[in-house]
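One structure is given here, and the rest of the page talks about it.
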């Protein structure tokens, strides 16, 4: 992660304070015995205080794959995402949806019009662009079935990069990713509410079978969020949900959002519609129903509208939400500027009208 450890800073501060307090007054000249402050006690080493929480910025973006002409960009993964990487790196924690199996082999899923796969260098590309975690829980995460899943899990293990919502069993797939960002204990859960009907059983992780975390199993999702809530300051749920090209959330999205907020989620974000949907506040949490495409070879027309969602979190609460509108050109997102950006931001704000969300907490 791109941040100085707050714990290290705290320990340095304690050391400097101890040095400043150790040179005082009544010790006789030449007496080199250490002085013990009456208030210090003699109970042994003291446990350092936890680092103070600082406000942080979390960034979220939509669907990423490396199909078609984008595959060639993985020849140089360090620049594969193009100029948008500078925006992703500015946040303290950035997450995207990796809309592809991570394999060069496997067997294509039956009766699917589109199947996506990418080599392990896709993970390298995300890391190089400043992405801190990705979700594989989507309707393309197992496009190359069980053998592709094994390859994906192997690539994830070897990369040591957090790819969520997938595992050798349900425990792994629903397990929250935990990290500390500037003193804030963050837990992230990922799952998909979108699966092809004929693939639900094959793709859903169970106690005895690998696969994806399914948000269709609502009780299991509630359990995952409740588990993530324990010991965390911020709980994020990254979901694949909604209907393609539908600009308003479905009732099942709103129902799931309410259940997961009650379970302890602070932030719910995700996508699937291939277009941006509205975002805002609901019952004390921040909800964004659709991040749109992001790095996507076939984006054009309305499916080329995209952006980066930036949330400021202070003491466990979202205090500010910023949508940075962008346009996909040649498969890559480019931030909009000037009047074009203002017009798109106004349009995006209008998408909130059908969401039941508010612009402010």
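Which order do 99, 146, 310 fall in if you start with the one that has the fewest other Cβ atoms within 10 Å?
146, 310, 99
Taking the number of other C-beta atoms within 10 Å as the exposure measure, put 289, 174, 297 in order starting with the fewest. Mind dumping the intermediate values first?
Working: 289 32, 174 27, 297 17.
Final ranking by Cβ density, sparse to dense: 297, 174, 289.
Between the range 275-298 and the range 64-119, what is the C-alpha centre distance in whole Å?
Taking the Cα centre of the range 64-119 as reference, the centre of the range 275-298 is 19 Å away.
Tell me, what is the percent relative contact order of the range 57-354, built from C-alpha pairs under 8 Å that lie six or more residues apart?
After rounding, I find 17 percent.
Of the beta bridges DSSP finds with both residues in the chain, what % are antiparallel, to the nearest 5?
Counting only bridges with both partners in the chain, antiparallel ones make up about 50 percent.
Helix 338-350 sits at what angle to the longest principal axis of the chain, using alpha carbons and giving 0 to 90 degrees rounded to 10?
Once rounded, the angle reads 80 degrees.
Roughly how tilted is helix 218-229, in degrees to the nearest 10 and between 0 and 90, from the longest Cα axis of the chain?
So the helix axis and the longest Cα principal axis differ by about 20 degrees.
Please find the FRET efficiency linking residue 353 to residue 252, where r is the Cβ-Cβ separation and R0 is fixed at 30 Å, and quote it to the nearest 0.05.
Numbers: r = 20 Å, r/R0 = 0.65.
Given R0 = 30 Å and the Cβ-Cβ separation, E is 0.95.
Taking the Cβ of each residue in 274, 69 as the centre, tally the other Cβ atoms inside 10 Å and list the residues starting with the fewest.
Working: 274 22, 69 10.
Arranged by neighbour count, lowest to highest, 274, 69 become 69, 274.
Quick check for you: which residues of the range 229-257 have the amide N under 13 Å from the point 7 Å beyond the Cα of residue 216 toward its beta carbon?
none
For the chain, take the longest principal axis of its alpha carbons; what is the angle in degrees between that and the long axis of helix 6-21, to the nearest 10 within 0 to 90?
10 degrees
Suppose R0 equals 35 Å; then what is the FRET efficiency for residue 160 and residue 72 from their Cβ-Cβ distance, rounded to the nearest 0.05? Don't jump to the answer; show the numbers that get you there.
Values: r = 26 Å, r/R0 = 0.75.
So the FRET efficiency works out to roughly 0.85.
Where a number appears in this text, it was derived from the coordinates with a stated rule and is not lab data. Keep in mind that what you see is a predicted model, and the values were worked out from it rather than measured. Neighbour counts are summed over all protein chains in view; Cβ atoms, including those assigned to glycine, are modelled from backbone coordinates with ideal geometry.
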